[in-house]
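Let me begin by presenting the structure, written as structure tokens, before commenting on it.
The values are calculated or read from the model by the stated rules, or taken from the named source; none is laboratory data. Bear in mind the structure is a predicted one, so any value in this text is a computation, not a measurement. Positions of Cβ are generated from backbone atoms using ideal geometry, with glycine treated the same way; all protein chains shown enter the neighbour counts.
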Amino acid sequence: MLCSIAPDVAQDSLKAINDLEKDLGRPILAYSCNALSAAELSEEQVAKIKEAEEKLGLTLVAVNG
């Protein structure tokens, strides 16, 4: 399972989240999850991903699919 911040939240859902934030007095994050699994990689492939992560300042995950 791979989750990320939900990119496209419908306007009515966004209002419900905003209302909940006001009620709780806390920020709420909306996540969207996908049924993905991490790919099996060779040591060379992992090294390439680590190099890209360092250059980009991001965490990268290779997935099956």
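Structure data summary
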quantity: Which numbered condition residue 49 fails, given (1) assigned by TED's automatic domain parsing to the domain that holds residue 1; (2) under 21 Å from residue 3 (Cα atoms); (3) over 15 Å from the mean Cα position of the chain (by Cα); calculated: (1)
quantity: Selection count, the range 17-54, where residues are without any contact (Cβ under 8 Å) to a residue 24 or more places away in the chain, closer than 22 Å to residue 65 by Cβ and either in a loop (DSSP other than H, G, I, E, B) or among the aromatic types (Phe, Trp, Tyr) (or both); calculated: 3
quantity: Residue match in the range 2-10 (condition: assigned to a helix (DSSP H, G or I), surrounded by fewer than 10 Cβ atoms within 10 Å (Cβ to Cβ), out of contact with any helix residue (DSSP H, G or I) (no Cβ under 6 Å at 6 or more places or on another chain) and not aromatic (Phe, Trp, Tyr)); calculated: no
